[in-house]
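Below is one structure, written out as structure tokens; the observations come after it.
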Amino acid sequence: MSTTPTALLVHGAFADAGSWSGVIAELQNQGIPVLAPPNPLRGLASDAAYIASVAAQIDGPVVLVGHSYGGALITVAGTTENVVGLVYVAAYVPEQGESLGELQGRFPLAPLGANLKQWTYPVEGGEPAVEVTIEAAAFPEIFAADVPAPVTKVLAVAQRPLAAAAFTEQAAAAAWRTKPSWALVAGADEAINPDVQRFGAERAGAKVVELAGASHAVAVSQPKAVADLIHDAVRATTED
């Protein structure tokens with residue numbers, strides 16, 4: 001009997017697990033076990049620890065799939081023993097000891113950085129911390145240019161904010177050094193420069209698929225293409 005890995009889908013900033021809905025439906029139709037937990041979005045180390053704990057509690061092998069900031073999380077959480085593969089979707093792929101700010105600082109910044117809105121949230125025993133969302137008016141063009149306008153209007157006001165400190169924390173590990181990886185590059189991404197995605201994927205030795213006209217929200221706009229790449233990863237890591 002073969003053991004099919006569970007695809008554990010990790011959403012990124014400014015979104016929630018519902019952003020994987022189309023991908024989940026495709027994977028379920030293909031008979032692939034799938035789980036899409038909430039991402040706390042409070043910091044690289046703590047978020048990665050949470051994802052690692054979810055993966056460790058799954059019975060059997062796991063393929064971690066990370067979108068955007070979620071790519072940084074699977075890079076760290078992927079050292080969990082039962083993780084057998086990593087899939088990056090329009091994602092950051094950091095090296096151990098590297099922050100997201102350092103990684104994207106190698107290349108011209110995408111329009112995202114100039115269109116972030118700052119908020120604060122309370123921290124027990126300390127000063128309020130800063131979190132960010134995308135300005136609602138800029139959200140469709142930056143995050144989801146190839147998604148129908150009525151959908152982007154909803155997504156823009158349902159954003160999950162990311163703690164700003166996540167951009168400066170250094171990755172504690174780089175699981176891609178010891179585990180196989182796959183990457184989907186969104187060629188028209190206005191949130192993460194596609195060159196950042198290409199650089200990280202190449203450095204990790206990932207098997208790469210590039211979609212020329214895809215926005216950052218490629219999992220929403222092209223769920224089948226994303227699911228097909230995950231299927232390739234699951235098939236390649238299935239134990240006979």
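The values are calculated or read from the model by the stated rules, or taken from the named source; none is laboratory data. In this text the structure is predicted, and so the values were computed from the model without any measurement. Methodologically, a virtual Cβ is constructed for each residue, glycine included, from the backbone with ideal geometry; neighbour enumeration extends over all protein chains shown. Only protein heavy atoms, including side chains, enter the accessible area calculation; ligands, DNA and RNA are left aside. Shrake-Rupley method; radii C 1.70, N 1.55, O 1.52, S 1.80 Å.
Observations, loosely collected:
- Cα centroids of segment 86-129 and segment 162-223: 13 Å apart.
- Peptides 11-23, 164-176 ordered by average Cβ neighbours within 10 Å, highest first: 11-23, 164-176
- D by Stokes-Einstein for the chain, Kirkwood Rh over Cα pairs, 10 °C, 1.306 mPa s: 91 µm²/s.
- Span from the segment 1-39 Cα centroid across to the segment 140-159 one, whole angstrom: 21 Å
- Sparse-neighbour loop sites [GluC sites (Glu not before Pro); segment 93-167; at most 11 other C-beta within 10 Å; DSSP]: GLU124
- Most positive-pole-ward Cα, PRO37, SER19, ALA72, against dipole of the chain from beta carbon charges: SER19
- Excluding ligands, DNA and RNA, the accessible surface per residue across segment 68-164 is 46 Å² with a 1.4 Å probe.
- ALA56-ALA165 pseudo-label distance in nm [points 7 Å out on the Cα-to-Cβ vector]: 2.1 nm
- The charge dipole of the chain, taken about the Cα centre with unit charges on the Cβ atoms of Lys, Arg (+1) and Asp, Glu (-1), comes to about 160 debye, rounded to the nearest 20.
- Extension gain for ALA236-GLN28 works out to 73.1 nm (0.36 nm per residue, less the C-alpha to C-alpha distance).
- Each peptide in 82-88, 193-199 was scored by the mean count of other Cβ atoms within 10 Å over its residues; highest first, the order is 82-88, 193-199.
- Taking amide hydrogens as placed 1.01 Å from N in the peptide plane, the amide H of ALA129 sits under 5 Å from those of TYR121, VAL123, each at least 5 positions away in sequence or on another chain.
- Taking a straight line from the alpha carbon of LYS224, these aspartates and glutamates sit under 17 Å away, with near neighbours fewer than eight places off in the same chain left out: GLU26, ASP146, GLU210, ASP232.
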